[in-house]
1. Return the total of residues in region 129-174 being part of a loop (DSSP other than H, G, I, E, B) and not β-branched (V, I, T).
2. Would you mention how many residues in region 291-316 are in contact with a Ser or Thr (Cβ under 8 Å, 6 or more places away or on another chain) and crowded, with 18+ Cβ neighbours inside 10 Å?
3. Output the qualifying pairs, or none if there are none: Cβ atoms under 7 angstrom, residues six or more apart or on different chains, first residue in region 253-266 and more than 22 Å from E49 (Cα to Cα), second residue surrounded by fewer than 20 Cβ atoms within 10 Å (Cβ to Cβ) and not polar (S, T, N, Q).
4. Could you give me the residue pairs with C-beta distances under 7 Å whose first residue belongs to region 84-103 and is free of Cβ contacts under 8 Å to residues at least 60 places away in the same chain, whose second residue is more than 8 Å from the ligand (Cβ to nearest atom) and hydroxyl-bearing (S, T, Y) wherever it lies, and which are 6+ apart or on separate chains?
5. Mind checking which pairs have a first residue in region 294-323 that is on the phi < 0 side of the Ramachandran plot and a second that is open to solvent by 20 Å² or more (accessible area, probe 1.4 Å) and part of a helix (DSSP H, G or I), Cβ under 6 Å, 6 or more apart or different chains?
6. Among the residues of region 1-38, what is the count of those that are of a type in the set (S, T, N, Q), touching a residue at least 60 places away in the same chain (Cβ under 8 Å) and farther than 19 Å from D338 by Cα?
7. Could you please tell me which pairs satisfy a Cβ distance under 7 Å, a separation of 6+ or placement on different chains, a first residue in region 183-206 that is on the phi > 0 side of the Ramachandran plot, and a second residue that is more than 14 Å from the ligand (Cβ to nearest atom)?
8. I'd like to check which helices (runs of 4 or more DSSP H) are fully inside region 1-117 and have at least 3 residues that are within 13 Å of the ligand (Cβ to nearest atom).
Amino acid sequence: MSKYWSDVVHKLTPYVPGEQPKINSLVKLNTNENPYGPSPKVIEALKLEAAETLRLYPDPNSDGLKAAIAKVHHLDSSQVFVGNGSDEVLAHVFQALLKHAQPLLFPDITYSFYPVYCGLYGIDYETIPLAEDFSIRAEDYIKPNGGIIFPNPNAPTGMPLALEKIEWILQNNTESVVVIDEAYVDFGTESAVSLIDQYPNLLVTHTLSKARSLAGLRVGYALGSATLIEALIRVKDSFNSYPIDRFASAGAVAAMQDVDYFEETCQKVIATRDALVANMQELDFEVLPSGANFIFTKHKLRDGAELSAKLREHGIIVRHFKSPNRIAPYLRITIGTDEQSVLLLKALKAVLSE
Ligand SMILES: Cc1ncc(COP(=O)(O)O)c(C=O)c1O
């Protein structure tokens, strides 16, 4: 605290990301990164970009990247907004589209950055409890609101919500923006992008950090009607005209273009996840249905915090959330390679036999 700080800074409770350990030997299953590297075409593109042109500013409109994204999603470039990671895109979304007189609605158990953005921008919000089985109940969102946001699949549960339920929310909520954060959608969840042309109040956000294995490059994007995108551009151009640097742009274009590599690695992650779930169930773990590159799981007898600490002693880091109480027994485990699953299962067996 300091007299030099503004009021808003005194009141902020910043987001705390998962640990990025300095020790390389750890099996890192705590921040939902992709275990496979990005497409080799991304590396080639980055090398080519390392040229004299770096002395020049990048394209402030990121037209090339927007065109590559629009092509993948069969949309027009005017329906695409890009930013420095989907966290930055989401920050602009909160400020540009979700700050209204009525409260913003999101689940009580969800991506913990949402309340942080509300604090930063002074947005009133109301959390909607997940159902007993941790699913999102579409009916609960039909009430006066200044916007609705949730991830699909939800985080940290990994549970997908059926596209019909999302469409039902859109049909019954036409006066405010509905944001579907699809950070993990490519691992087996149906995307809402197909609804964009029908619903002018739908905004879908994506990231290249997960399925395209580029968490280090920081690129994310939003898809929606040109009117919603214009609001985001207005905020961006009042904040930072060049959020996508030349490297990020070149790498992201190559990643979007290499559809075969993207599909192949997503399928590998899904296959590893399904095998891991079956093995965990044999060890008496309950696993929530996952449409993501992570699972949310609890042991029938053992405590989440204890398991997380013991796994670390075996060189494996997973994510444990102390609060709210309802999720304290759970572990969020990122899907790694098959080899990493073997190490995880071996460590779990050792811990459970102690
Ligand atoms: C639900 C959700 N949305 C958005 C993000 C942000 O991703 P990034 O800023 O890397 O694009 C994350 C990151 O873990 C996430 O879990």
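The values are calculated or read from the model by the stated rules, or taken from the named source; none is laboratory data. Remember, it's a predicted structure, so these values are computed and weren't measured experimentally. Backbone-built Cβ (ideal geometry, glycine too); neighbour counts: all protein chains shown. For the accessible areas, the whole protein counts, side chains as well, though only heavy atoms, and no ligand, DNA or RNA atoms are used. Shrake-Rupley method; radii C 1.70, N 1.55, O 1.52, S 1.80 Å.
1. Step one: of region 129-174, the residues part of a loop (DSSP other than H, G, I, E, B) are 129-137, 142-146, 152-162, 173-174.
Remaining after also requiring not β-branched (V, I, T): 129-135, 137, 143-146, 152-156, 158-162, 173.
Residues meeting the conditions: 23.
2. First pass over region 291-316, keeping only residues in contact with a Ser or Thr (Cβ under 8 Å, 6 or more places away or on another chain): 291-294, 296, 315.
This time we only want the ones that are crowded, with 18+ Cβ neighbours inside 10 Å, so: 291-294, 296.
The total comes to 5.
3. Every condition considered, the pairs that remain are T265/Y36.
4. What qualifies is A91/Y117; F94/Y117; F94/Y121; K99/Y121; P103/Y125.
5. V318/S308; H320/A305; H320/S308
6. Residues in region 1-38 being of a type in the set (S, T, N, Q), touching a residue at least 60 places away in the same chain (Cβ under 8 Å) and farther than 19 Å from D338 by Cα: 1 in total.
7. Partner pairs satisfying both residue conditions: G188/I270.
8. Values: elements: 7-11, 40-49, 63-73, 85-97.
So the answer is 85-97.
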